[in-house]
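These notes are about the structure you will find just below.
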Amino acid sequence: MMPAGSLLDTHLTNLAAALVPYRRCESQLARWGAELAHRLAGGGRLLVAGNGGSAAEAQHLTAELVGKLHHDRQPLSAIALHAETSAVTAIANDYGYADVYARQVRAHGRPGDILLLLSTSGTSANLLTAAHAARDGGLTTWALTGPAPNPLADACADALAVASPDSQVVQELHLVTSHLLCEYLEQELPAALAASTRHEPAEPAPAGRVPSGPVRTGVEVVLDGGTGQQVDA
């Protein structure tokens, strides 16, 4: 039996207190996971960033998406911006640390992509600058933060704010959030891939030629010796 007032008891008490309001996030987590599945299945990309421990949590999420959580599936496009160390240090040196993520967002982000920013405080200047750059570029912005209201949650289109004053507890529930996002995504992914396939535009036929039969792959070599014979390589 742990002694009352011990470090472990205090930590677990804080975590248990935060779990009660966190349970109310289920519908938001399911919605985010489904939306992420459809965006990535349709060729979109997830960009993530954080500072310190939140950077490690963000990179954990991209590893699950590019790799897998449970079952084998196609890799999904997700980039942890803080892991681009040469870009981060070059941008910080040339433009200032507040721009280390915003400049990468402008480089890699496309309309319809998702930018997810993680911060226990919700006040990091480089994440706020990135959120504004993403909004200007037509990206969807999400935030994982500590207690709301906070500037980052206000700057993003949607936010999941962990209701705990303990930054360690906030980070621990951000990790739970990453795992649940992947759970909901992988649950929705088959339907998202099927929908993406249905909506793919047909390949245009070359000018002056009507395609017949299956589409050929590889290299096609045409021998024009007046015989009209065709050889496929």
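Every number here is computed from the coordinates shown, using simple stated rules; none is lab data. These figures come from a predicted structure and were not determined experimentally. Note: ideal-geometry Cβ built from the backbone for every residue, glycine included; neighbour counts use all protein chains shown.
Grab the beta carbon distance between residue 8 and residue 176, set R0 = 25 Å, and tell me the FRET efficiency rounded to 0.05.
The computed FRET efficiency comes out at 0.85.
Just check region 1-109 against the gyration tensor rule for me: Cα atoms, a ≥ b ≥ c as the square roots of the eigenvalues, rounded for a/c under 1.5, and otherwise prolate or oblate depending on whether a/b exceeds b/c.
oblate
Run the dipole for region 103-165 about the Cα centre, Lys and Arg Cβ at +1, Asp and Glu Cβ at -1, nothing else charged, and hand back the magnitude in debye, nearest 20.
200 debye
Taking every DSSP beta bridge that has both residues in region 1-157, what percent is antiparallel when rounded to the nearest 5?
Given both bridge residues lie in region 1-157, the antiparallel proportion sits at roughly 0 percent.
Count charges around residue 119 for me, please; just the other residues with Cβ under 14 Å from its Cβ, Lys/Arg as +1, Asp/Glu as -1.
Once all neighbours under 14 Å are counted, the net charge is -2.
Of the trypsin sites (Lys or Arg not before Pro) in region 63-129, which ones lie in a loop per DSSP and count no more than 16 other C-beta atoms within 10 Å?
The qualifying sites are 68, 73.
Please give the net charge around residue 136, taking every other residue with its beta carbon less than 14 angstrom from that of residue 136, where Lys and Arg add +1 and Asp and Glu add -1.
+2
In nm, give the distance between the simple-model label positions of residue 194 and residue 68, each being 7 Å from the Cα along the Cα-to-Cβ direction.
About 2.0 nm separates the two model spin labels.
If a/c stays under 1.5 just call it rounded; otherwise compare a/b with b/c (prolate if a/b is bigger, oblate if not). Do that for region 113-205, with a ≥ b ≥ c from the square roots of the Cα gyration tensor eigenvalues.
Judged from the Cα gyration tensor, region 113-205 comes out oblate (a/c at least 1.5, b/c at or above a/b).
From Cα pairs below 8 angstrom and at least 6 apart in sequence, can you work out the relative contact order of region 39-80, rounded to a whole percent?
47 percent
Under the Karplus relation 6.51 cos²θ - 1.76 cosθ + 1.60, θ = phi - 60°, what is the ordered set of whole-Hz ³J(HN,Hα) values for region 165-170, x standing for Gly and Pro?
Coupling constants for region 165-170: x, 8, 4, 5, 5, 4 Hz.
Based on Cβ point charges of +1 for Lys and Arg and -1 for Asp and Glu, what charge dipole magnitude is obtained for region 36-152 about its Cα centre, in debye rounded to the nearest 20?
Computed about the Cα centre, the dipole is about 280 debye.
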